[in-house]
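Comments concern the structure below.
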Amino acid sequence: MKITSIRKTFKNTKRLAEIIKVLSQFGFREVITETGLHRILGKSREDIEADRHPHYETLSRPVRARMVLERLGPTFIKIGQIMSTRPDLIPADWAEEFSLLQDKVSPVSYVEIEGVLHQEFPGRLESLFVEIDKVPLAAASLAQVHRARLAGGEEVVIKVLKPGNRERVEDDVLLLEGLAQLVESYFSDLGYSPIEVAQEFSRELLREVNFIQEGQATERLHRYFENDADISFPKVYWQATTRNVLTLEEIKGRPLSLVDSTELRPELRRTIVANATKAVFKQCLTFGFFHADPHPGNIFLLAGGRLCFIDCGTTGHLDKRTAEQLVDLVAGVIKGDIQKLCRVVIELTDVNPQVTDRRDFRVDLQHLIDQVQATPLKHIDLAALLGDFFAMLQRYKIRCPSDLLLLVKALSTIESVAAEIDPTFDVLSHVEPEIEEVVTNRYGIGAIRKRLQKSLVNYLLLLEDMPGDIQRFLDHARHNRFTLNLELMRIEHLGEKIDQASRLMGMAMIISALIVGSSILLLADRISTQQGLIGHLGVIGLILAALYSAGFIASFLLPKKKSK
């Protein structure tokens, strides 16, 4: 892709210039020059070198990358946080470093927040809220939270998007997609499409600034646990919720991040861990819709060891088919069935089957199997197993569905919370009923009977439609109306070869014509009574033929330039 065409995608050149300057300051000048970013703004390599800060270059690349994202602000911090959950896209040490990204910043003044509220609830702000605390309860890079009281007396918290953040995120999203085009045009061996990844990140970022979607996710999880005595989610007040404002029930409790577990009774610690692990595993394995970031700051401790989960902005979804494939994965590992595992990999990732047929790939699968072979189901660490599996796929540059990686993150996070609060608690034994229920739903007698019934119905429908299909086939055959569609793989390389062959054939014909013509002229000069002019023309022709021949040979011997 040409720089001139990419330049058209960058509307905010001022923001692009800031990105280039920050990358240069933190020692990523090769990224700028190799992708040609500096040429988009008309800068030279010397201009990029001038922004260099040598003292940053003593730090490791992952640390410098994290500092770049923090310097570039809210959008890029969110991108880093998303990437920390995607070990299929970045190395493990980078993902670990990006998990340290913090977006806590100083709050904006209440005057600015009040301006947003008046804009979102024109003429009815006072009728909705009888009181709003001007001192923020919490502040992050994109939004901040204030306590309030509704007209009906309900105590709530309102999450308000800071002024200008929506426009900033939308501009940065366009910039991100433009950068992805540039990266994809220069690097073709990343194992994934930067454009597709950028589009996926863009959807996630735009969801972060749409509080209606967060409210819908919160309400859905609230409904799932509505009758659960141990787990809860905040209630959403839709009359006071918009894209830029989310109003939720205020939770009267303490976040686990502020609870000193050593001060709690052993029975209470056990209850907390049991409720937390039950909630997450039930979301993931039973409902297929889960809170993807259950860290201690997002879990409030209520009376009696009850827990309430907040901040449902990041959620994951597992459809029934994907959940079944995960069960097949676990079953394949337990039984040592490599063929089943290869089928699961193909179905989950859409990888080329040639990769799963490779000997080294199957050897790695066997190593994964050996780690848990003959282990009882209740002792299998599901999060560790899935983490090892997806880490193996990363080594082969196989992209994994983002929701599955969020699942691993959610399970790993809650296991680490459990280990911190009560290290003696056996998480796997506690969640064994949920795991067994999923496995039974997949491999139980009832489940097998339902699948057989469904397959039988499909075959009967196929037999019912078959006479009509055969009749249409015969009608097409009778009227010679068959159409053959072929998809040629790597057709662009075939075109290059044909074009190269055509050029070489043309050059060979020119050389042959020069040699034959020049030989005729030299022969005619010998038998002519007036020798000289014709002979000279023949010699010139042979010289031209020699030059063309040298070019012909060089075209084969000189190495071709490979595109990055």
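What helices (runs of 4 or more DSSP H) completely inside segment 153-258 contain at least 2 residues that are touching a helix residue (DSSP H, G or I) at 6+ places or on another chain (Cβ under 6 Å) and within 22 Å of ARG86 (Cα to Cα)?
165-186, 194-208
Could you pull out the residue among GLU97, GLU155, GLU126 that is within 25 Å of LEU405 (Cα to Cα) and either in contact with a Lys or Arg (Cβ under 6 Å, 6 or more places away or on another chain) or modelled with pLDDT of 90 or more (or both)?
Going through GLU97, GLU155, GLU126 in turn, the sole match is GLU97.
GLU200 - would you say it is of a type in the set (Asp, Glu), surrounded by fewer than 19 Cβ atoms within 10 Å (Cβ to Cβ) and more than 30 Å from LYS252 (Cβ to Cβ)?
yes
Which pairs have Cβ atoms under 8 Å, sit 6 or more apart or on different chains, and link a residue in segment 64-83 that is closer than 19 Å to ASP403 by Cβ and of a type in the set (Phe, Trp, Tyr) to one that is modelled with pLDDT of 85 or more and surrounded by 21 or more Cβ atoms within 10 Å (Cβ to Cβ)?
Qualifying pairs under 8 Å: none.
Sort out for me the helices (runs of 4 or more DSSP H) sitting completely within segment 302-369 that have 3 or more residues that are at pLDDT below 85.
Those helices (runs of 4 or more DSSP H) span 320-335, 338-349.
Being part of a loop (DSSP other than H, G, I, E, B) and basic (Lys, Arg) is the filter here; which residues of segment 76-100 pass it?
Scanning segment 76-100 gives a single hit, ARG86.
Restricting segment 403-422 to residues that are of a type in the set (Gly, Ala, Ser) and surrounded by fewer than 21 Cβ atoms within 10 Å (Cβ to Cβ), which is nearest to the chain's Cα centre (by Cα)?
Among residues in segment 403-422 that are of a type in the set (Gly, Ala, Ser) and surrounded by fewer than 21 Cβ atoms within 10 Å (Cβ to Cβ), the one nearest to the chain's Cα centre (by Cα) is SER412.
For a quick check of your reading of the model, give me the residue pairs whose first member lies in segment 24-39 and is closer than 13 Å to MET67 by Cβ and surrounded by 17 or more Cβ atoms within 10 Å (Cβ to Cβ), whose second is of a type in the set (Phe, Trp, Tyr) and at pLDDT 75 or above, with beta-carbon atoms closer than 6 Å and at least 6 apart or on different chains.
PHE26/TYR56; GLY27/TYR56
The values are calculated or read from the model by the stated rules, or taken from the named source; none is laboratory data. From a predicted model like this one, the values you see are computed outputs, not experimental measurements. With ideal geometry, Cβ positions are generated from the backbone for all residues, glycine too; neighbour counts draw on all protein chains shown.
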